[in-house]
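Asks: First the structure, then my questions, so here it is.
Values quoted throughout were computed directly from the atomic coordinates according to the rules given, and no laboratory measurement underlies them. As the structure is a computational prediction, the values presented were derived from the model and not from experiment. Glycine gets a Cβ as well: all are built from the backbone with ideal geometry, and neighbour counts include every protein chain shown.
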Amino acid sequence: MTNLREVPKVMTRLTFVSLAAALTFIAGSATAEPDPSMRTRDDRVACIEGREQAAVAACTRLIHSGSLATEDLAAAFYNRARHWADIGEYDSAIRDLDEVIRLFPQEAESFNARGLAYLQKNDNERAISDFDRAIALDPNYTPPLTNRGLAHQNSGRPERAIQDYDQSIRLNPNSSLAFANRGGAYMERGELDRAIQDFDRAIRLDPRQFLALLNRGLTFAKLGQCDRALKDHEEMARIFPAFAWTLEYTKQSCQQGRGAR
């Protein structure tokens, strides 16, 4: 699973990074007391590294064990939220992140993560509220800026979105995702040349940038530049075979003249 703290416009699964507190949660860390129970050690590993329902179950056993220090309990809730999100259980993820925030209310990453869960539920206003809190706690933390931009974009406010993407790029000019998302906002506003410039930058930073390849190809098609559109979507289909349908759609669109000026 990609280790992102930001969500691209077409991504359908939520991704988190571990809290700093979760670093103390790893079995055998220098700060942890030796645990005589092999099951508990296995659950610690599974809660961090496991997948889907098995990982949820491991985190749940740890949470109910009554043996975790506060930092480790927060890490267990955080990781369980991550696994809930992986299987699309965003309400459960939000409840676990509520617990993390209750235990550590000054962690910007927790508000960003909960904002992502709201974003996946299309609850853009609650998402924006959490991204606002994350930014207030750490103004130099760029993921909630990019994510708030996406929430504004989803809410029909591309100008506000571009402002957030601009600030994210100022703080981190190497974020291919911020450029890709800003390009998408320009695309929605009909500023196709500026959109292509941002997609170009995103792809230079990350040649596998899905959104930039997808949307640059669509933008070329709108401009009637079908050869360039097909080249982008051929590359995307090569890297992401599950999206080969996009290439076929572009071929049909160009053949039928929908990509012509």
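Asks: Could you line up Met187, Met236 from fewest to most neighbouring Cβ atoms inside 10 Å?
Replies: Sorted ascending by nearby Cβ count, the order is Met187, Met236.
Asks: At 0.36 nm per residue, and after removing the present C-alpha to C-alpha distance, how many nm does the segment from Glu52 to Asp206 gain when stretched out fully?
Replies: Taking Glu52 through Asp206 to full extension adds about 52.6 nm, to one decimal.
Asks: Separate question: FRET efficiency for Asn174 and Lys251, Cβ-Cβ distance as r, R0 = 30 Å, nearest 0.05? It would help to have the intermediate numbers written out before the result.
Replies: Values: r = 34 Å, r/R0 = 1.12.
Computed FRET efficiency for Asn174 and Lys251: 0.35.
Asks: Still on this structure, please answer the following. Using a ≥ b ≥ c from the Cα gyration tensor of the range 196-261 (square roots of the eigenvalues), is it rounded, prolate or oblate, where a/c under 1.5 gives rounded and otherwise the larger of a/b and b/c decides, a/b for prolate?
Replies: Oblate, because a/c is 1.5 or more while a/b does not exceed b/c.
Asks: Using label points projected 7 Å from each Cα along Cα→Cβ, tell me how many nm separate Ala242 and Arg194, to one decimal.
Replies: My value for the distance between the label points is 3.3 nm.
Asks: Also: Return Phe240, Phe199 ranked ascending by Cβ neighbour count within 10 Å, so the fewest neighbours appear first.
Replies: The fewest-first ordering by Cβ neighbours comes to Phe240, Phe199.
Asks: Roughly how big is the range 196-261's charge dipole about its Cα centre, with Cβ charges of +1 (Lys, Arg) and -1 (Asp, Glu), in debye to the nearest 20?
Replies: Values: 11 positive and 8 negative charges, 31 e Å.
Using Cβ point charges on Lys, Arg, Asp and Glu, the range 196-261 gives about 140 debye.
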